[in-house]
1. Counting partner chain Cβ atoms within 10 Å of every residue's Cβ in A:154-164, what's the average?
2. Quick one: what do you get for region B:92-182 if you divide its Cα Rg by 2.2 N^0.38 Å?
3. With a 10 Å cut-off between alpha carbons and a GNM built on chain A, which of A:11, A:113, A:151 moves the most?
4. Counting alpha carbon pairs within less than 8 Å and at least 6 residues apart, what relative contact order, in whole percent, applies to region A:11-55?
5. Work out how far the C-alpha atoms of chain B reach from end to end along every principal axis, then list the three figures in whole Å, largest first.
6. For Cα pairs less than 8 Å apart in space and 6+ apart in sequence, what is the mean separation divided by the residue count of chain A, i.e. the relative contact order in percent?
7. If you build the Cα gyration tensor of the protein assembly as shown and take the root of 5 times each eigenvalue, what three semi-axes come out, in whole angstrom, biggest first?
8. Taking springs between alpha-carbon atoms closer than 10 angstrom, which of A:163, A:183, A:198 fluctuates most in the Gaussian network model of chain A?
DNA sequence: CCAACTAATGACCTCAAAGTCATTTCTCTT
DNA sequence: AAGAGAAATGACTTTGAGGTCATTAGTTGG
């Protein structure tokens, strides 16, 4: 029984990832302010002091968490959209449906909620989110829209504003669920919303057909 | 020279309002966690201890702030919308424009941002916001939509989801400005967004055969 | 005009969680 | 295998803001 099991191991390379992974859970569960670094440490299987070998401060750890989640959840969406060849009218339903069912693993909306909450305290956080998430999506979408306009498939107008018209309802719907849960009588069914809004917005974006002037009920 | 100026005055009735007013500013500027009650007190012209005569805890004060802002900024919007007699096609542009220019006084979006951020720590806050803001607006809108559908002015579909289609882009646009400021190249111009999205969504909501809806009911 | 009442004060307490560091113990090099 | 080097520990310090309370002093009723 001289089999001495070590009290701990050196895991210089593995630790940062494990700590970030633990931190994601704790932050998502409690929010930034209420998250205790001792909890993060415990969940990562280390001790609070150890965290400080890898992250100088709580803020630093949070930044790392945001960048990690952003990085792991964005490539898939972006590549899928960028690889798509076809009209916006075909892409929009696909895009919104994908956003509806899943949104990664539920950690993205939770993180988004936190970033919104803490962005006043840490403005660089908002910047990370903007540059890595929002800006990319808007660039992609407005590019596609401008394209569609050039081909006469889409009415004239500001492409960025149209991009908001497309994604806004989904963003709002997800925020609704994140904030109020699914219990509210107004909670939108996300797949339904995605399908219906896709149909609605595609119609709304269609150019005026010659000889078919836009007339809605007065 | 017996003119004794008092060190302080009793203002039992005025204090709560002044404290809330000061608290709005401080909370909006720093967020809940970073807001110091001593700052609130100073700005209200009192001393920290005084706050506790009127509010038991920091959370209580925050709740009061939310309710105050909600109460003062909601009646106007709701009454205006409710008094409106006309088709949705006319109401939507007006509604979105009103939301765009001002959104009250800029404190509502800031507050909304805070509520989003702190709602995990204080779930009842989310509930206040839901019941007094979100629910009311959605009820109003989806009612109008159902109405329009009954009159054959609007395509069939889930009225709540349509309500999200209408307000989602504006909500998202305001959040964008609140989070990323107006510097981003993607920052939407809110009046433009309002006008363009109103046009887009009204078109998208129009029924297939204008003037001849399939299931028209007198 | 005085006394009971209480709004307001400000010095104080508390306490939890961020952050530190001397020490231990594993691991890598030679 | 030994000792240099650094990963990990855990007990410790710090801090700063929320919250308390005995006391002071405007206010008001009789």
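Just so it is clear, none of the values below were taken in a lab; they were calculated from the coordinates. Because the structure is a prediction, the values reported are computed rather than measured. A quick note on method: Cβ atoms are made from the backbone with ideal geometry, for glycine too, and the neighbour counts reach across all protein chains shown.
1. Values: counts 0, 4, 0, 6, 6, 0, 9, 12, 5, 4, 13.
Mean inter-chain Cβ contacts per residue within 10 Å come to 5.
2. Details: Rg = 14.7 Å, N = 91, 2.2 N^0.38 = 12.2 Å.
So the Cα radius of gyration is 1.21 times the expected 2.2 N^0.38 Å.
3. For chain A, modelled as a Gaussian network with Cα springs under 10 Å, the answer is A:11.
4. Numbers: 27 pairs, mean separation 15.6, N = 45.
Relative contact order, region A:11-55: 35 percent.
5. Sorted largest first, the three principal extents are 84, 41, 39 Å.
6. Numbers: 153 pairs, mean separation 41.7, N = 218.
Worked out over chain A, it gives 19 percent.
7. On the way: eigenvalues 340, 222, 63 Å².
Computed over the protein assembly as shown, the values are 41, 33, 18 Å.
8. For chain A, modelled as a Gaussian network with Cα springs under 10 Å, the answer is A:183.
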